[in-house]
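Q: The structure's right below; bear with me while I get my questions together.
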Amino acid sequence: MAPRIGQMSRFNITALALGMAFLYLPIVILVIYSFNDSRLVTVWGGWSLRWYHEFFNDRAMLDAAWMSLRVAALSATIATLLGTLAAVGLVRGERFRGRALFSGMLYAPLVMPEVISGLSLLLLFVALNAERGFWTVTIAHTTLTMCFVTVVVQSRLASIDRSLEEAAMDLGCDPVQAFLRVTLPLIVPSIVAGWMLAFTLSLDDVVIASFTTGPGSATLPIRIYSEVRLGVKPGINAISTMVIALISVVIVIASLASKLSGSQGKSAAPL
Amino acid sequence: MSARRIFAQPARYAAIAPYLWMVLFFLVPFGFVLKISLSQTAIAQPPYVPVFDFAEGWTAIKEAFAQLSFDNFKLLTSDSLYISSYLRSIVVAVTSTLILLLIGYPIAYGMARLPQRWQPIAMMLVIVPFWTSFLIRIYAWINILQHDGLLNQVLLALHLVSAPVVWLSTDTAMYIGIVYSYLPFMILPLYATLSKMDASLLEAAADLGASPRQAFWLVTFPLSLPGVGAGALLCFIPIVGEFVIPDLLAGSGSMMIGQTLWLEFFTNKDWPVAAAAAVALLVLLVPPLLLYDRLQRRTLAGGG
């Protein structure tokens, strides 16, 4: 009897269950311990919100969090604009000079080690004599995240029936109108998902931000990173839990957006 | 003139802004890395000579070229610190990719065998950790692996060990961190190929007398190789340049190339050597990057 889809062996079920436990248990443990009253990270001292109180009284941490949120919102917005344009150019532009270079430049950062991207951008900023801080980090994050936006929007755009636009043009729209009135509304969910992804990626980055920021303008991950290097602190559990909560909200919105767009198709990229 | 033709023109213009952006902030910076990797270290701000000064015109640029030196690359190939970190990066990346494949394949296979309506949920569950902060997930493991952390508490309670085991600052901890962080990158391409596989092929194999095990090794596994390749490259390439995970979880004894680059840049302030390390890392990554690009093209061409 051949195994069919939906018919699972004990081995399949065990592999899935262990895999999911491996992926989620560490995060669950972290969240639980963020409500631990004890100063010792490993001793359970009862439920408490003291580490959350501590965060909201930590000026430096709050500044870093605010900086990160601003960088993430702005860079995600610019990245979504540029990434969507890039996707339109790649999917609809047919052949143009330098297309291979263009798609190469957009795909490489997806897997490029961050130390290289960070170092190279810093050397550019130094050569341009740019003051390092909010703007340089924002530009760096835009460059990285627009590539992710491009991939997300591109896969959706490629799945849309061109004859819809052709019909709109037969009915008197010019190509730009046809795109704006017919295609754009169809790809909006993927654009929203792209923005969300860009936002979370920016909120997560330590390496590129460390290279491209200046003194006095640390992002939240940079601060968390320097604290973690010194050892485990219960306060970090609380901050981490809040970041996870924020990202969860973002994911829910993004998945609702892709639900609205109907079947997103199975993409090989983890997006 | 077909509608297709008319449309291609404005769509092409859409690419102009992102094109210029990527040239300025992705391509041009590599030129600077290359250039500074050929410069000499100096106690100055910025800490290298020669500095390109476009204002001084062409002769100054020519002079700058005359001063380029390959000393940094000589240093990279003669100092055992760099050679060993280069080799360690490759060893760590290969080992991690193999472990990821061993763990990721059964999970992806299990996902592909789930009832159809459960599959999107399982996929979502794999994607969510990818969105969740990478740094925080590494930190979560530090919590668990520390001296009096949960893992040691459980092991002691079960009497599996008699004294707390040192997990942090070991290669084991680093591999756990890497596998944990990159698992979604391995599972998703594998799942994408496995779930597209035609189930009737397995039925045919069974009709022809193959046991389920034989059917797996003779039919399923060979057909999933494109997914194996994509997943392996998607993990291997970034792991080679990994910095945060080995820095937080591995011991300080031996470093990966990303750590060497970081140390030279931030601690030793030796920008030219850091740039040379980046060039060396890039050279190492060109073959897998090209291979990945070819695989992607083939998948896209195949309607994947």
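The values are calculated or read from the model by the stated rules, or taken from the named source; none is laboratory data. Being a predicted model, the structure only gives us computed values, none of them experimental. With ideal geometry, Cβ positions are generated from the backbone for all residues, glycine too; neighbour counts draw on all protein chains shown. Just the protein is used for accessible areas: all its heavy atoms, side chains included, with ligands, DNA and RNA removed. Shrake-Rupley method; radii C 1.70, N 1.55, O 1.52, S 1.80 Å.
Q: Going through A:88, A:71 one at a time, which residue ends up being within 24 Å of residue A:150 (Cβ to Cβ) and at the interface with chain B (Cβ under 8 Å from one of its Cβ atoms)? Reasoning before the result, please.
A: Details: A:71 fails: at the interface with chain B (Cβ under 8 Å from one of its Cβ atoms).
That would be A:88, the only listed residue that is within 24 Å of residue A:150 (Cβ to Cβ) and at the interface with chain B (Cβ under 8 Å from one of its Cβ atoms).
Q: Testing residue B:256 on (1) under 12 Å from the mean Cα position of the chain (by Cα); (2) open to solvent by less than 20 Å² (accessible area, probe 1.4 Å); (3) over 15 Å from residue A:211 (Cβ atoms), one condition comes back false. Which one is that?
A: Every condition holds for residue B:256 apart from (1).
Q: Residue A:211 is checked against (1) within 11 Å of another protein chain (Cβ to nearest Cβ); (2) more than 23 Å from residue A:67 (Cβ to Cβ); (3) modelled with pLDDT of 85 or more and fails just one. What number does that condition carry?
A: Tallying (1) within 11 Å of another protein chain (Cβ to nearest Cβ); (2) more than 23 Å from residue A:67 (Cβ to Cβ); (3) modelled with pLDDT of 85 or more, residue A:211 fails exactly one: (2).
Q: Starting from residues that are out of contact with any helix residue (DSSP H, G or I) (no Cβ under 6 Å at 6 or more places or on another chain), of a type outside the set (Phe, Trp, Tyr) and without any contact (Cβ under 8 Å) to a residue 24 or more places away in the chain, keep the ones in segment B:248-281 and report whichever is farthest from the other protein chains (Cβ to nearest Cβ).
A: Looking at residues that are out of contact with any helix residue (DSSP H, G or I) (no Cβ under 6 Å at 6 or more places or on another chain), of a type outside the set (Phe, Trp, Tyr) and without any contact (Cβ under 8 Å) to a residue 24 or more places away in the chain, I get B:253.
Q: Now for a different question. Can you pull out the residues in segment B:222-239 that are surrounded by fewer than 24 Cβ atoms within 10 Å (Cβ to Cβ) and closer than 28 Å to residue A:230 by Cα?
A: Scanning segment B:222-239 gives a single hit, B:238.
Q: Still on this model: Quick one: in segment B:161-192, of everything that is among the aromatic types (Phe, Trp, Tyr) and under 21 Å from the mean Cα position of the chain (by Cα), which residue is farthest from residue B:231 (Cα to Cα)?
A: Taking the candidates together, the pick is B:175.
Q: Quick check on my filter: what residues within segment B:186-199 are out of contact with any helix residue (DSSP H, G or I) (no Cβ under 8 Å at 6 or more places or on another chain) and either under 30 Å from residue B:286 (Cβ atoms) or open to solvent by 60 Å² or more (accessible area, probe 1.4 Å) (or both)?
A: B:196, B:198
Q: Pick out, from segment B:91-171, the helices (runs of 4 or more DSSP H) lying fully within it that include 2 or more residues that are buried (at least 20 other Cβ atoms within 10 Å of the Cβ) and within 13 Å of chain A (Cβ to nearest Cβ).
A: Passing ranges, in order: B:119-131, B:134-145.
Q: Then there is this: Among the residues that make up segment A:179-195, is at least one of them under 30 Å from residue A:50 (Cα atoms), within 8 Å of chain B (Cβ to nearest Cβ) and buried (at least 17 other Cβ atoms within 10 Å of the Cβ)?
A: No: zero hits.
Q: For segment B:284-301, give me each residue that is open to solvent by 30 Å² or more (accessible area, probe 1.4 Å) and within 8 Å of chain A (Cβ to nearest Cβ).
A: Going residue by residue through segment B:284-301, those that are open to solvent by 30 Å² or more (accessible area, probe 1.4 Å) are B:284, B:286-287, B:289-301.
Across segment B:284-301, the qualifying residues are B:289, B:292, B:293, B:296, B:299.
Q: In this structure, is residue A:186 within 30 Å of residue A:72 (Cα to Cα) and of a type in the set (A, V, I, L, M)?
A: So residue A:186 passes the test.
Q: Okay, moving on. Mind checking which residues of segment A:106-135 are surrounded by fewer than 24 Cβ atoms within 10 Å (Cβ to Cβ), at the interface with chain B (Cβ under 8 Å from one of its Cβ atoms) and in contact with a Cys (Cβ under 6 Å, 6 or more places away or on another chain)?
A: A:109
Q: With the requirement that a residue be part of a helix (DSSP H, G or I), open to solvent by 10 Å² or more (accessible area, probe 1.4 Å) and either aliphatic (A, V, I, L, M) or within 7 Å of another protein chain (Cβ to nearest Cβ) (or both), what does segment A:91-103 give you?
A: Hits for segment A:91-103 are A:91, A:100, A:101.
Q: Just to be sure, is residue B:191 in a helix (DSSP H, G or I) and without any contact (Cβ under 8 Å) to a residue 60 or more places away in the chain?
A: no
Q: Would you confirm whether or not segment A:243-251 contains a residue that is in a loop (DSSP other than H, G, I, E, B) and either assigned by TED's automatic domain parsing to the domain that holds residue A:193 or under 15 Å from residue A:55 (Cα atoms) (or both)?
A: There is no residue in segment A:243-251 that is in a loop (DSSP other than H, G, I, E, B) and either assigned by TED's automatic domain parsing to the domain that holds residue A:193 or under 15 Å from residue A:55 (Cα atoms) (or both).
Q: Here's something else I'd like to know. Among A:191, A:160, A:208, which is over 23 Å from residue A:249 (Cα atoms) and either in a helix (DSSP H, G or I) or within 19 Å of the chain's Cα centre (by Cα) (or both)?
A: Answer to the check: A:208.
Q: Name the residues in segment B:215-246 that are without any contact (Cβ under 8 Å) to a residue 24 or more places away in the chain and at the interface with chain A (Cβ under 8 Å from one of its Cβ atoms), would you?
A: Selection gives B:215, B:243.
Q: Something else about it: Tell me which of these residue B:119 doesn't satisfy, since it passes every other one: (1) under 24 Å from the mean Cα position of the chain (by Cα); (2) touching a residue at least 60 places away in the same chain (Cβ under 8 Å).
A: (1)
Q: Quick check: anything in segment B:276-299 out of contact with any strand residue (DSSP E or B) (no Cβ under 6 Å at 6 or more places or on another chain) and among the aromatic types (Phe, Trp, Tyr)?
A: Within segment B:276-299, the first condition is being out of contact with any strand residue (DSSP E or B) (no Cβ under 6 Å at 6 or more places or on another chain), and the residues that meet it are B:276-299.
With the extra rule that they be among the aromatic types (Phe, Trp, Tyr), the set shrinks to B:292.
Yes; the residues of segment B:276-299 include at least one that is out of contact with any strand residue (DSSP E or B) (no Cβ under 6 Å at 6 or more places or on another chain) and among the aromatic types (Phe, Trp, Tyr).
Q: Any idea how many residues of segment B:259-283 are part of a helix (DSSP H, G or I) and open to solvent by less than 40 Å² (accessible area, probe 1.4 Å)?
A: Within segment B:259-283, residues that are part of a helix (DSSP H, G or I) and open to solvent by less than 40 Å² (accessible area, probe 1.4 Å) number 17.
Q: Just to check your reading of the model, which residue among A:138, A:145, A:200 is within 10 Å of chain B (Cβ to nearest Cβ), part of a helix (DSSP H, G or I) and not aliphatic (A, V, I, L, M)? Steps first, answer last, please.
A: Details: A:138 fails: within 10 Å of chain B (Cβ to nearest Cβ); A:145 fails: within 10 Å of chain B (Cβ to nearest Cβ).
Going through A:138, A:145, A:200 in turn, the sole match is A:200.
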